[in-house]
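Chemist: Before I ask anything, here is the structure I am working with.
Taken together, the values in this text are just the output of simple stated rules run on the coordinates, not laboratory data. Everything numeric in this text was worked out from a predicted model, so none of it was measured. Here Cβ is always computed from backbone atoms with ideal geometry, including for glycine, and neighbour counts include all displayed protein chains.
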């Protein structure tokens, strides 16, 4: 019973990871400004992933758990998720499982590729670092 639940959740996670990877490849083909895409990819590699790893490390230390560095697969997923959130000017690719109202509300919260909750200073800082968008609002500074 527990094994079946574990395998089902593992399969669902794999589906999400595959969808994110597929969307990242699609994004590479649709973005016309390749130099901006390169800057954004560097932002994901050199800012976002490092910051997320530091957050994981500090969280493990805070709760007395041993820190395990992310696997190659976990890093790839985080990188693709970053590209989906920060290199996606139209904020496409978010699945609302057919809920049109939720999808419309999401689109209304986005202005010029960034969530309306981001301050002007934060948007400018993200753009300077290479981000093209901010589809998902992240509270911690990147």
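Chemist: So how compact is the range 2-129: Cα radius of gyration and Dmax in angstrom?
Modeler: 16.7, 48
Chemist: Continuing with this model, one more query. With the contact rule set at Cα under 8 Å and sequence spacing of 6 or more, what percent relative contact order holds for the range 2-129?
Modeler: Computed over the range 2-129, the figure is 27 percent.
Chemist: Based on the mean of other beta carbon atoms within 10 Å per residue, what is the order of 105-114, 122-131, most packed first?
Modeler: Going from most to least packed, we get 122-131, 105-114.
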